[in-house]
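Participant: First, the structure itself, so that you have it in front of you.
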Amino acid sequence: MDRSFFRAFAPSLLAVFVLIPAASCQPPQGYPGRGMRGPRMGGPGGGEANAAPTTRNEAEKRILDTASQVSHYLNVPEQDGRLIRLLVESSGARNAVEIGTSTGYSGLWFALGLQATGGKLTTFEYDAGRAATARENFRKAGVDSLITVVEGDAHQKVKALKGPVDIVFIDADKEGYRDYLKQVLPLVRPGGLILAHNISGRSSNPDYMDAVTSDPALETILVNGQMAVTLKKR
């Protein structure tokens, strides 16, 4: 099969054949309630049916060992981190952007995919203390050379980004999602992805969901009861 064809359609095929049957996907109108923050390892809606992550080499083991020790404050559940890694690696992403680093847990899942694709992550964090903790976690995991942490107000700092961007993950101030989308969308390559966390339905963030579901150039699904995954169509 032609590699360019696979690269173009891998994220969509992955969602159709793997993610959607196993996840809690909702139509655009969504359903009441918001998703949790922090680890979701078991219980209703959790990842108890999923096998534990496997490691193929020492580099992956080091990243996962570090991730297991990261503070869970304002970080995604493991299931959503694994989704990030799957989408990064399956799409061959090389230029990734994260808005909302926290202490680096989701960044470590980015790194698992990016070390395979040869890509890099630029991640934005408002709080200097969390940014410092994230840098230390990236160093411990041996992936600090793959990740640039930018401190400060991301609404201003993202203006310095250069495209094309392959994948964006938004997990910051919820009222700012639409502004982040407006700024980064022109940089996202056709066929690229925009992920938004803590979206359990339209009511979770109607301003953002209106933006990603009313634009005919975008296609959006909800996955894991937490994540809006948007494709920028080719």
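Participant: With the cut-off at 21 Å, report for the stretch 92-191 the share of all Cα pairs above it, as a whole percent.
Facilitator: Details: 1324 of 4950 pairs.
For the stretch 92-191, the share of Cα pairs beyond 21 Å comes to 27 percent.
Participant: Go through the stretch 48-110 and name the chymotrypsin sites (Phe, Trp or Tyr not before Pro) that are in a DSSP coil and have 15 or fewer other Cβ atoms within 10 Å of their Cβ. It would help to have the intermediate numbers written out before the result.
Facilitator: Numbers: sites: TYR73, TYR105, TRP109, PHE110; in loops: TYR73.
The qualifying sites are TYR73.
Participant: List VAL76, VAL143 from most exposed to least, where exposure is judged by having the fewest other Cβ atoms within 10 Å.
Facilitator: Values: VAL76 30, VAL143 23.
In increasing order of surrounding Cβ atoms, one gets VAL143, VAL76.
Each reported figure results from applying straightforward, stated rules to the coordinates on display, with no laboratory input. Everything quoted here is computed from the prediction, not taken from an experiment. Neighbour counts run over all protein chains shown; Cβ positions are idealised from the backbone, glycine included.
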